[in-house]
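Comments concern the structure below.
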Amino acid sequence: MKDCILAIHGGAGRLKDSQTRAPVRQDYERGLADALRAGQSILFAGGGAVDAVCAAVAVLEDNELFNAGRGAVLCSNGEVELSASVMDGNDGSVGAMAGLRRVRNPVIGARTMMGHMHGLLFGAEADARAERAGLEMTAPDYFITDRRRAQWSELRGTGAIALDHSDRDNVQGTVGAVARDAQGNLAAATSTGGLANQLPGRVGDTPIVGAGTWADNQVCAVSTTGKGDAFAQLAFARRVADLIELTGMNVPDAAAAALDDVVRVGGEGGCIVLAPDGELHQPFNTPQMLRGWITGAGQPVVGILPGEKIEIA
């Protein structure tokens, strides 16, 4: 039996100074800790890594501080389009959905595609499939908060977009999780509302397995956050895995090299990478990245600024 490990991210970018100090930052810390405990409870009860990452991400989707599910950013037309993906490192099965507007928890919708001949569904048919599967559905307005409407009002008509944790954006970003269960199986999941003021129909890296999400029991599990178009251009998550598997790089060097490539193509962001031996790395090239991890029966540990390791009782 291996020690269970769960790690999450809540988006990367540039927070205002006030958001990185108490009392404001405590809301982010509690949100991360709640997600970690949700996944931990599954792992501690003997559940699998896929169950754990989906549970953790679903908690973040229900928290309007994060740009996934409720509190997601708005497209240029003032509507939400949600995306998510999941991958099982044990058998390589994947599931993804994009352009969702009615599934309360997109990551659970994505999971319904695992084992299906089609790994990714988009738009109204994806919503309909989730509904047929008995998932909780909601009206599109459920996802839209007053803060997101204000952000959209500021950006609309400008052609500008806002990254997760932009200093123009006091609500938070793309979420993801990686885990290793007691059997040593890895899994990864990622969920997002995209970029604020993005074009309707735009698809970033999050629902693209190999770009925003990857898991292989023999190599690593990866979830990304940042300017998704750059991460998708590089097939980032699989790129990290290839650098580890094919060149023998260690986890920190592989993640750093892949993030350097993101900068080269005009992107920025971060990722979480978990190796089969339990080594965890959470690098980012933005000023901050919301992140956290939990091992075994331990307490959640979270961070926002570089180098932070804050235990939440």
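Where a number appears in this text, it was derived from the coordinates with a stated rule and is not lab data. This is a predicted model, so every value here is computed, not measured. Quick reminder, even Gly has a Cβ in these numbers, built from the backbone with ideal geometry, and neighbours come from all protein chains shown.
Mind sorting S85, S41 by how few other Cβ atoms lie within 10 Å of their own Cβ, fewest first? Walk me through the numbers before you get to the answer.
Working: S85 34, S41 12.
Ascending Cβ contact count within 10 Å gives the list S41, S85.
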Label corresponding to Cα Rg over 2.2 N^0.38 Å when calculated from the structure given, among (i) 0.97; (ii) 1.69; (iii) 0.88: (iii)
Partner aspartates and glutamates for K16 [C-alpha distance under 20 Å; skip if fewer than 8 residues away on the same chain]: D27, E29, E64, D146, E154, D164, D167, D169, E268, E308
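I need the shape label for the stretch 223-308. Rule: rounded when a/c is under 1.5, else prolate if a/b > b/c, else oblate, with a, b, c from the alpha carbon gyration tensor.
On the way: a/c = 2.27, a/b = 1.27, b/c = 1.78.
Oblate, since a/c reaches 1.5 and b/c is not below a/b.
Please arrange E61, E245 by counting, for each residue, the other beta carbons lying within 10 Å of its beta carbon, fewest first. Show your work: numbers first, answer last.
On the way: E61 29, E245 15.
Final ranking by Cβ density, sparse to dense: E245, E61.
Quick one: D91, D261, D146, fewest Cβ neighbours within 10 Å first, how do they rank? Numbers along the way, then the final one.
Details: D91 12, D261 17, D146 9.
Ordered by Cβ neighbours within 10 Å, fewest first: D146, D91, D261.
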Alpha-carbon centroid distance for the pair the stretch 237-253 / the stretch 93-154, whole angstrom: 31
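Calculate the dipole size of the chain relative to its Cα centre from +1 charges on Lys and Arg beta carbons and -1 charges on Asp and Glu beta carbons; express the result in debye to the nearest 20. Each step should come with its number before you reach the end.
Numbers: 27 positive and 37 negative charges, 115 e Å.
Taking the Cα centre of the chain as origin, the dipole is about 540 debye.
Between A297 and E311, what is 0.36 nm times their sequence separation minus the Cα-Cα distance? Round to one decimal in nm.
On the way: separation 14, 0.36 × 14 = 5.04 nm, distance 1.31 nm.
Result: 3.7 nm gained on full extension.
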The chain, helix-only ellipticity at 222 nm - DSSP H runs n ≥ 4, -39,500 (n - 2.57), divided by all residues, nearest 500: -9000 deg cm²/dmol
Most mobile of R202, R149, R132 in a GNM of the chain (Cα contacts under 10 Å): R132
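With an 8 Å Cα cut-off and a minimum separation of 6 or more residues, compute the relative contact order for the chain in percent. Could the numbers behind the result be given before it?
On the way: 892 pairs, mean separation 77.4, N = 313.
In percent, rounded to a whole number, it is 25.
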